[in-house]
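Asks: This is the structure I have questions about; it appears just below.
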């Protein structure tokens, strides 16, 4: 039954309704899809692609979340307009919208019903001081953070502290790279800054192959996979959208080679085929095979990713799913930090946890308000 729920969800994401669904099947689908943040993606197919009768309670769920998704989409366009205007007044490089915001703004199929928590933007590192000052002038402020977290963002991370729009609560993450600089694996960002596309609305996003590779990097370099299945479905839709032009595959592989992310590209295609049976060019897959890890390591990675990239819900969890998520959490930090930084980071987090346990003090207590 666990595999059937996953197969049914994948089928619905593709716009097809399995013919054997019972009301109980629909209940399981809705519960699992909601917890993995893909129910709105399925509901986006309801009006345009589902041509079979559905139970009344399913229609009610779809219509409700579609209204929420439409309100969210309008908010993304509203906030993006202000962010784009203000950032572009103090930079030589236009603001580049990433991930969920890029999907929505460019009307990409991966943006249909896509819900996310913040708006990600890529800019040049040298422009960050001017961008921060200007956005704070327009009521985008960071939360107060302690000295350690400030050091983490300013010296080690690939972004500044998240900015929150006063009065509205919208969060903007301003990036100057794709993964933390301290990892030693951050790419030459100019290779991505050169891969731009201006969409009809005037916003800038990454070209199709660069957008796809960034989504892959984001997925396989994170430490928390609570949205792993949603992010994998992003990639499934991105590959499906770009499957026709063969230049997409050659450009994608070339960029992965230049930025040293071929192993992550291999993993993405492997688990897309396993989970969604994504249509990917066979010649491209053959070229990627040379980037596979050694067989023992691949067995371990399969065990790990075929758990953490599925929805995390009791109806579909495999054995040792919690253990797999804990290992993925450690792996994600290991990839992002050298050992000595990881030890320092762990010590500081444990120190705060102990202080919080005994005193109840939070990170932002006794800190000055942002100026």
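Rule-based calculations on the coordinates, nothing more; no lab input. Small disclaimer: the values here were computed from a predicted structure and weren't measured. Because the Cβ atoms are built from the backbone with ideal geometry, glycine has one as well, and the counts that use them run over all protein chains shown.
Asks: Which ordering of 321, 359 is given by a fewest-first count of other beta-carbon atoms within 10 Å?
Replies: Ordered from fewest to most neighbouring Cβ atoms within 10 Å, 321, 359 come out as 359, 321.
Asks: Before rounding to the nearest 500, sum -39500 (n - 2.57) across all DSSP H runs of length at least 4 in the chain and divide by the residue total; then give [θ] at 222 nm in deg cm²/dmol.
Replies: -17500 deg cm²/dmol
Asks: State whether the chain is rounded, prolate or oblate according to the following rule on the C-alpha gyration tensor (a ≥ b ≥ c being the square roots of its eigenvalues): a/c under 1.5 gives rounded; otherwise a/b larger than b/c gives prolate, and the remaining case gives oblate.
Replies: It is rounded, given that a/c, with a ≥ b ≥ c, falls under 1.5.
Asks: Ok, one more. Percent relative contact order of the stretch 224-324, based on C-alpha pairs within less than 8 angstrom and at least six residues apart?
Replies: Value for the stretch 224-324: 37 percent.
Asks: Sticking with this one: May I ask you to derive the relative contact order of the stretch 32-148, considering only C-alpha pairs under 8 Å and at least 6 residues apart, and to give it as an integer percent?
Replies: About 27 percent, as a whole number.
Asks: Could you tell me how many degrees, from 0 to 90 and to the nearest 10, lie between the Cα long axis of helix 246-259 and the main elongation axis, the longest principal axis, of the Cα atoms of the chain?
Replies: 40 degrees
Asks: Which of rounded, prolate or oblate describes the stretch 213-371 when judged by the alpha-carbon gyration tensor and an a/c cut-off of 1.5?
Replies: Prolate shape, in that a/c is at least 1.5 and a/b is the bigger ratio.
Asks: Still on this model: Where does each of 109-120, 18-29 land if you order them by average Cβ count within 10 Å, highest first?
Replies: Sorting 109-120, 18-29 by mean packing, highest first, produces 109-120, 18-29.
Asks: Only bridges with both residues in the chain count here: give the DSSP antiparallel percent, nearest 5.
Replies: Around 65 percent of the beta bridges assigned by DSSP in the chain are antiparallel ones.
Asks: For the ranges 156-164, 281-289, 48-56, 141-149, what's the packing order if you count other beta-carbon atoms within 10 Å of each residue, average per peptide, and put the highest first?
Replies: 156-164, 141-149, 281-289, 48-56
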